[in-house]
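Some notes on the structure that comes next.
The values are calculated or read from the model by the stated rules, or taken from the named source; none is laboratory data. Just so you know, these numbers come straight off a predicted model, no measurement behind them. As a convention, Cβ positions derive from the backbone with ideal geometry for all residues, glycine included, and neighbour counts pool all protein chains shown.
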């Protein structure tokens with residue numbers, strides 16, 4: 001395929017994508033925005049941060065946020081890949097533009113991990129990671145499937161357990177780094 005043909009084909013695909021995005025935006029505006037599932041999504045986006053602001057270890061705020069932002073980036077990338085591959089999708093989203101469900105990626109997941117990092121810090125990270133992975137995969141995901149926010153296509157809860165565990169273990173490792181140097 002020549003450069004010009006390739007550019008035209010990619011342009012056609014992006015035109016189709018743009019059309020689908022506009023169609024989904026209209027659907028979202030009519031069927032989701034300001035409905036009960038949208039309001040619950042907003043509460044699930046704001047509530048964890050309110051909880052965290054009161055119950056975080058104040059002296060560890062920056063360290064925990066460092067780990068939390070890493071969790072956000074990792075989960076957003078993995079969520080995008082999963083939705084792009086058609087493994088799952090979300091309903092009741094608070095915005096029509098992201099394929100991922102923002103309350104989970106930017107709020108619930110990082111806040112839960114940050115809270116768990118600071119809770120009982122003497123427990124081994126791998127144990128807490130497995131606990132977190134099992135709780136999220138076998139309680140959290142089924143709850144959101146039951147509520148209709150999360151629809152699985154070619155995905156099983158068991159696949160999520162090691163992913164959540166590894167995300168927790170990595171975030172815990174980041175939060176415990178002592179090797180920061182001065183910015184010049």
TODO: Check whether at least one residue in the range 97-113 is modelled with pLDDT of 95 or more and surrounded by fewer than 16 Cβ atoms within 10 Å (Cβ to Cβ), and report yes or no.
DONE: no
Task: Residues of the range 28-65 that turn out to be part of a helix (DSSP H, G or I) and over 19 Å from the mean Cα position of the chain (by Cα), as a count - done: 14
Task: Members of the range 119-132 that are part of a helix (DSSP H, G or I), without any contact (Cβ under 8 Å) to a residue 24 or more places away in the chain and surrounded by 13 or more Cβ atoms within 10 Å (Cβ to Cβ) - done: 131
TODO: For residue 82, indicate whether it is farther than 26 Å from residue 18 by Cβ, in a helix (DSSP H, G or I) and either touching a residue at least 24 places away in the same chain (Cβ under 8 Å) or in contact with a helix residue (DSSP H, G or I) (Cβ under 8 Å, 6 or more places away or on another chain) (or both).
DONE: no
Open item on the list: Checking residue 89 against (1) part of a helix (DSSP H, G or I); (2) in contact (Cβ under 8 Å) with a residue 24 or more places away in the chain; (3) touching a strand residue (DSSP E or B) at 6+ places or on another chain (Cβ under 9 Å): exactly one of these is not met. Which one?
Closed with: (1)
Open item on the list: Suppose we keep only residues that are surrounded by 16 or more Cβ atoms within 10 Å (Cβ to Cβ) and in a loop (DSSP other than H, G, I, E, B) within the range 133-184. Which one would you say is modelled with the lowest pLDDT?
Closed with: 149
